[in-house]
Amino acid sequence: MVAPRTTNRKLLGRLSLPERTFVADALRTETVGGVLLLVAAVTALIWANTPIKDTYEAVLGFHVGPAALGLDLSLQHWAADGLLAVFFFVAGIELKRELVAGDLRDPRAAALPVVAALCGMVVPALVYTLTNITGGGSLAGWAVPTATDIAFALAVLAVIGTSLPSALRAFLLTLAVVDDLFAILIIAVFFTDDLNFAALGGALVGLAVFWLLLRKGVRGWYVYVPLAFVIWGLMYNSGIHATIAGVSMGLMLRCTPRTEDGEERSPGERVEHLVRPLSAGLAVPLFALFSAGVSVSGGTLGDVFTRPETLGVVLGLVVGKTVGIFGGTWLTARFTRASLSDDLAWADVFAVASLAGIGFTVSLLIGELAFDGDAALTDEVKAAVLTGSLIAALAATVLLKIRNARYRRLWEAEERDDDLDGIPDIYEEHDPAYHLRMADIYEGKAAEHRRIAGLRAAERAAELEAAERDRPTEVVGGAGDVGGGPA
């Protein structure tokens, strides 16, 4: 049975069943990837702060690739430019699906995450800018605290074990998708070096061929994977960051199934299902392994809170993200006359907004691009990203734990499926067939209880009858009675 799609005008209200199913599948993969991301980041930090740290530097600087094609890159560059292209490819598919098949296809539903994400990028940039204007620092890193790392955030949720309702999880996921889109635009516009128009033209031709093959229905990974490598290589040599190639190809995939052709899932959903584990489980953790290894000492941590560039990053992530996302959500409610879901409170929005202050993968990437050529400042900014993300994670943990009992009740209500049809009961409240099934279930339970009660009553009656038979018989009369003596 397919549940009807629900329409809810409340902010952060119950998701439609198809959207809830998609979000659950996506978050399951991202959560596993987030745990691997945490492991990779910790490994990098330990590796870079032990006596064998020279080997870490040697691995980062090891070059591989065809020099004739301009791709003789270090492993660190392969991770940032190559592996993250896979991450942004998945982000492109996610964004396309949200816009054409997800809840974001409704402008009213799209307004909340878009406004919240925009405010969650503008306010951190302003916080960084004001901090550095006041402290006389460099403004080059204004974009570093603008990005949210969904995998890292979900890993924190997995560690603290909170039963966050699906609406809040979906809000966080959608925020990150929109956030990734604007991060891509920032990278493309503000971190593009001198353009090689020949390579750029070749990349655009490759994208056109990619699009044409998709529209013609050509199938086979052996066609698309080599073409994707060519497009990526040309985009890298064009001067535009190579991750743009990934998101461009992701946006081209069709994300609406053709029911007339018997499609259950669109090509975009199928490809995302295949590539997401590669992105979350391999590409992003390897990037973290090659990017998160910074030397940590008392002096380094002290500089994080005294140098304007690094302090701006920390304040942008911890304060700017929280204030921006919470403020954007409140403004959406204020000017659209929408109200927050009855199941949630504004404290819940604030907690999720603080969780969005975890900016790891894309923040590290932008930090490398913003301070390219200054290795010392790049490492300090990475330390600031790690510090800010840790503070945001701890703050979110405390805030979410306070409300965790409430979240658990909501989660249990969302998961309840008494009629065992695979659809949560909360989505079938207005379906007469559901109530008929439940009536049959309750009648069956009542009949079973009546049968058990009857057996117990029969057993009790048998016990009473047996006790009555075994009771000693009283003797009438005796030797002391009148007329009881001898004649």
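The values are calculated or read from the model by the stated rules, or taken from the named source; none is laboratory data. Just so we're clear, the structure is a prediction, and the values are computed from it rather than from any experiment. Here the Cβ positions follow ideal geometry from the backbone for every residue, glycine too, while neighbour counts run over all protein chains shown. The accessibility values were calculated without ligands, DNA or RNA, using every heavy atom of the protein model including side chains. Shrake-Rupley method; radii C 1.70, N 1.55, O 1.52, S 1.80 Å.
Working from the Cα coordinates of the chain, the gyration tensor eigenvalues give, after taking √(5λ), semi-axes of 60, 29, 23 Å in decreasing order.
Against the main long axis of the alpha-carbon atoms of the chain, helix 404-415 sits at an angle near 80°. Distance between Cα centroids, the stretch 190-210 to the stretch 287-357: provide it in whole Å. Spelled out, the Cα-based centre of one part sits 34 Å from the other. All Cα-Cα distances of the stretch 253-409, cut into 5 Å bins from zero to the largest, leave 2, 8, 12, 13, 13, 13, 14, 12, 7, 3, 1, 1, 0 percent in each bin in turn.
Mind pulling the angle between the C-alpha long axis of helix 375-402 and the longest principal axis of the chain? Nearest 10 degrees, somewhere in 0 to 90. So the inclination is approximately 20 degrees. Loop only per DSSP, at most 15 neighbouring Cβ atoms within 10 Å: give me the trypsin sites (Lys or Arg not before Pro) in the stretch 283-347, ordered by residue number. When the trypsin sites (Lys or Arg not before Pro) of the stretch 283-347 are filtered for loop state and at most 15 Cβ neighbours within 10 Å, Arg337 remain. Protection proxy ranking of 411-423, 304-316, by the mean of other Cβ atoms within 10 Å over each peptide's residues and highest first, is 304-316, 411-423.
For His63 and Ile46, calculate 0.36 nm times their separation in residues minus their Cα-Cα distance, and state this gained length in nm to one decimal. Please report the intermediate quantities before stating the final value.
Working: separation 17, 0.36 × 17 = 6.12 nm, distance 2.31 nm.
Gain on extension, His63 to Ile46, equals 3.8 nm.
Estimated at 0.36 nm per residue, the fully extended path between Ser74 and Leu204 surpasses their Cα-Cα distance by 44.2 nm. Label zone (Phe197, point 7 Å along Cα-to-C-beta; backbone nitrogen cut-off 18 Å) within the stretch 216-247: 235, 237-240. Helix 432-470 and the longest principal axis of the C-alpha atoms of the chain enclose an angle of approximately 40°.
Based on protein heavy atoms only, the chain ends up with 49 Å² per residue of surface accessible to a 1.4 Å probe. Under 5 Å from the amide H of Gly359 lie the amide H atoms of Asp149, Ser389, each residue being 5 or more positions distant or on a separate chain, with H modelled from the backbone and absent for Pro and chain starts.
What FRET efficiency comes out for the pair His435/Asn404, r = Cβ-Cβ distance, R0 = 25 Å, nearest 0.05? Intermediate results must be reported in sequence, preceding the final value.
Working: r = 32 Å, r/R0 = 1.30.
Between His435 and Asn404 the formula returns 0.15.
Across the protein chains, with a 1.4 Å probe defining accessible surface, the residues Arg460, Arg265 rank Arg460, Arg265 from largest area downward. Computed with every protein chain present, the accessible area of Asp372 is close to 130 Å² [probe 1.4 Å]. With a ≥ b ≥ c taken as the square roots of the eigenvalues of the C-alpha gyration tensor of the stretch 261-348, please select rounded if a/c is under 1.5 and otherwise prolate if a/b is larger than b/c or oblate if it is not? The shape class here is oblate. How much of the accessible area of the stretch 249-328, probe 1.4 Å, is carbon plus sulfur, in whole percent? About 64 percent, which is the carbon plus sulfur part of the accessible surface.
When shorter helices are ignored and each DSSP H run of at least 4 residues is given -39500 (n - 2.57), the per-residue value for the chain at 222 nm works out to -22000 deg cm²/dmol.
List the residues of the stretch 214-238 whose backbone N lies under 19 Å from a point placed 7 Å from the Cα of Asp261 along the Cα-to-Cβ direction. Zone members listed by number: 214-225.
Hey, with R₀ at 25 Å, roughly what FRET efficiency would Phe305 and Val189 work out to, going by the Cβ-Cβ distance, to 0.05? Walk me through the numbers on the way to the answer.
On the way: r = 31 Å, r/R0 = 1.23.
The calculated FRET efficiency here is 0.20.
Accessible surface for Asp72 stands near 70 Å², nearest 10, in the context of the full protein assembly shown (1.4 Å probe). Exposure check, 1.4 Å probe, all protein chains in place: Met252 carries approximately 40 Å² of accessible surface.
The separation of the stretch 378-398 from the stretch 65-102, counted between C-alpha centres, amounts to 25 Å.
At a 10 angstrom cut-off on C-beta neighbours, averaged per residue, how do the peptides 88-96, 142-150, 59-67 rank from highest to lowest? All intermediate terms of the calculation are to be shown ahead of the outcome.
Working: 88-96: 26.0, 142-150: 28.8, 59-67: 12.6.
So the order, starting with the most tightly packed, is 142-150, 88-96, 59-67.
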